[in-house]
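Heads up: the structure comes next, in structure tokens.
The values are calculated or read from the model by the stated rules, or taken from the named source; none is laboratory data. Just so we're clear, the structure is a prediction, and the values are computed from it rather than from any experiment. Cβ placement follows ideal geometry from the backbone for every residue including glycine, while neighbour counts extend to all protein chains displayed. Accessible surface areas use protein heavy atoms only, side chains included; no ligands, DNA or RNA. Shrake-Rupley method; radii C 1.70, N 1.55, O 1.52, S 1.80 Å.
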Amino acid sequence: MLFSKVNYRLFFNQHCVLCRLHPAQINGVCEGCHQDLPWLLFPCPRCGQTRRTPNAPCHSCDQQHYAFDFALAAFEYRFPLNAILPLIKQRHSLHHLGWLSRLLAEKIKDNELTLPDSILPVPMHLLDELRRGYNQAAILSEQLGKHLSLPVQYDALIKSKRTPHQHNLKATQRRANLQGAFQLKRSLPSHIALVDDVMTTGSTLNELARLLKKQGVSRVDIWVLARTPEPDID
Ligand SMILES: [Zn+2]
Ligand SMILES: [Zn+2]
């Protein structure tokens with residue numbers, strides 16, 4: 001239901017959703033805008049973070065112990081993604097999830113990944129979801145599920161504790177802050193993909209991966225639209 005609403009404007013809009021000048025040629029975007037998107041081109045094969053130089057050890061993996069097995073982001077969290085994703089969350093611009101989900105699904109297919117048994121959106125606390133009216137990660141999951149013919153489990157994970165914004169906290173505070181924040185409501189198949197719009201510090205996704213692993217999930221992948229580059233990577 002949400003999927004059809006999200007794609008209505010994209011389907012009937014003949015012009016690029018970004019520049020609104022040129023014909024939409026690639027999933028709702030013109031060729032020029034498609035090329036100019038901040039594609040994440042040199043990802044670490046494990047954590048998905050941009051590497052300073054291809055084949056060099058990954059700084060991000062050196063610094064953190066990731067509980068997930070693999071992470072993939074279509075884009076770096078730079079313009080225009082850092083303008084569009086807040087619009088999706090704060091201004092209900094859900095039509096952007098139409099073309100963005102298609103590009104992420106293509107990236108997943110291009111990487112020839114072993115597809116998971118099920119997709120799980122990163123949950124919001126019920127009060128926050130009611131205030132916003134939707135969970136953008138759930139809508140993104142719904143669309144990825146359609147593009148990739150995969151089941152989505154919307155209510156397997158719940159967030160039972162409200163937490164402050166993670167990026168304002170130190171790593172140890174982030175971890176403490178998230179302890180006990182999420183609960184798993186049912187048993188899951190062995191291979192799961194967790195979906196969110198953006199991966200900033202990775203602490204929420206890592207905490208969820210840790211919870212799933214503890215509950216017997218053997219492989220946890222992360223799929224996000226965009227990933228915040230490390231501070232010294234421009
Ligand atoms: Zn354009
Ligand atoms: Zn890495």
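The 1.4 Å probe gives accessible areas that order ASP128, ASP196, ASP221, largest first, as ASP128, ASP196, ASP221. 3J(HN,Hα) along the range 69-78: 8, 7, 10, 9, 10, 6, 10, 7, 7, 9 Hz, from the Karplus curve 6.51 cos²θ - 1.76 cosθ + 1.60 with θ = phi - 60°, whole Hz, x for Gly and Pro. Other residues whose C-beta falls under 14 angstrom from the C-beta of ILE26 contribute a net charge of -2, scoring Lys and Arg +1 and Asp and Glu -1.
Simple spin-label estimate for ASN27 and HIS15 gives 2.3 nm between the two label positions (7 Å along the Cα-to-Cβ direction from each Cα).
Taking the charge dipole of the chain about its Cα centre, with +1 at Lys and Arg Cβ atoms and -1 at Asp and Glu Cβ atoms, the residue from PRO80, LEU100, LEU184 reaching farthest to the positive side is LEU184.
Ranked from largest to smallest solvent-accessible area, with a 1.4 Å probe on the protein heavy atoms, ARG175, ARG52 come out as ARG52, ARG175. When the solvent-accessible area of the range 104-234 is split by element, carbon and sulfur atoms take up 47 percent of it, the probe being 1.4 Å. Taking the square roots of five times each eigenvalue of the Cα gyration tensor of the chain, the equivalent ellipsoid has semi-axes of 27, 21, 17 Å, listed largest first.
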